[in-house]
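Just so it is clear, none of the values below were taken in a lab; they were calculated from the coordinates. As the structure is a prediction and not an experimental result, all values here were calculated from the model. Ideal geometry is used to build each Cβ from the backbone, glycine not excepted, and the neighbour counts take in all protein chains shown.
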Amino acid sequence: MHAFVDESRRNDTYLLAVAVIQPQDLTRLRKHLRGLLLPGQRELRFHKEKPARRRLLLASVVKFDFRVDVYRSGCRSSEEAARQKCLARATGDLLDLRMGRLVLDSRSGRDRIDQLTIQRVLADRPRRDEVAYEHWDSTSEPLLWTADLAAWCFGAGGDWARRAAPVLGAVIDVK
């Protein structure tokens, strides 16, 4: 399995969205997502889209077979601490699912913090050498857009969460 991670924040709640995609679906979904770009657009960032386009994008993407789990933590005192708690829990859960590759949306200078968290989780696991993890810019990896879309919809709640329900998986509260 491959996992693609992006984040969102709603007030004092930090959301880490983890899209889990089977290897046989990667190419087809990537191609579909690239086909949704408008002329001049380099990536899909759901919060930047107009509501009508959001509905169109969402309806198009939820037809695919993947799921997005959402890890949620309070971030009033520190967004970075919330992220690292969520990332540690998600990494452990993904290892239990036999994940082979983890791709995170790059945060430039802060990527090293994620790497240290992942290494700490992997250190105690027997399969640690079987897992690849890397940071990519979201303009280079369209599958990160699935996590972005789901995180935004989940955070918005209401009709947006209902529309994203076909791909929304577990919601895990991380303390």
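In the chain, helical runs assigned H by DSSP with n ≥ 4 each contribute -39500 (n - 2.57); averaged across all residues and rounded to the nearest 500, the mean residue ellipticity at 222 nm is -13000 deg cm²/dmol. Sort the stretch 7-57 into rounded, prolate or oblate with this rule: let a ≥ b ≥ c be the square roots of the eigenvalues of the Cα gyration tensor; rounded if a/c is under 1.5, and if a/c is not under 1.5, prolate when a/b is larger than b/c, oblate otherwise. Taking the square roots of the gyration eigenvalues as a ≥ b ≥ c, the stretch 7-57 is oblate. Between the amide H of GLY169 and those of VAL68, ASP69, VAL70, distances stay under 5 Å, these residues lying 5 or more places away or on another chain, with hydrogens modeled in the peptide plane.
Simple spin-label estimate for ASP12 and LEU97 gives 3.0 nm between the two label positions (7 Å along the Cα-to-Cβ direction from each Cα).
Can you check what the net charge comes to around ALA170, using other residues whose Cβ is under 15 Å from the Cβ of ALA170 (Lys, Arg +1; Asp, Glu -1)? Around ALA170, the surrounding residues sum to -1. Relative contact order (percent) for the stretch 73-157, with alpha-carbon contacts under 8 angstrom and 6 or more residues of separation? Contact order relative to length: 32 percent.
For LEU36 and LYS50, calculate 0.36 nm times their separation in residues minus their Cα-Cα distance, and state this gained length in nm to one decimal.
The span from LEU36 to LYS50 would gain 3.6 nm if fully extended.
When DSSP assigns beta bridges and you keep just the ones with both residues in the chain, what percent turn out antiparallel, to the nearest 5? Write out the running numbers ahead of the final one.
Working: 17 of 30 bridges.
Percent antiparallel among DSSP bridges in the chain is about 55.
Would you mind checking the stretch 33-65 for residues with the amide N under 20 Å from a putative spin-label position 7 Å along Cα→C-beta of ASP159? It comes to 46-63, nothing else.
Under 5 Å from the amide H of LEU102 lie the amide H atoms of ALA3, ALA132, TYR133, GLU134, each residue being 5 or more positions distant or on a separate chain, with H modelled from the backbone and absent for Pro and chain starts.
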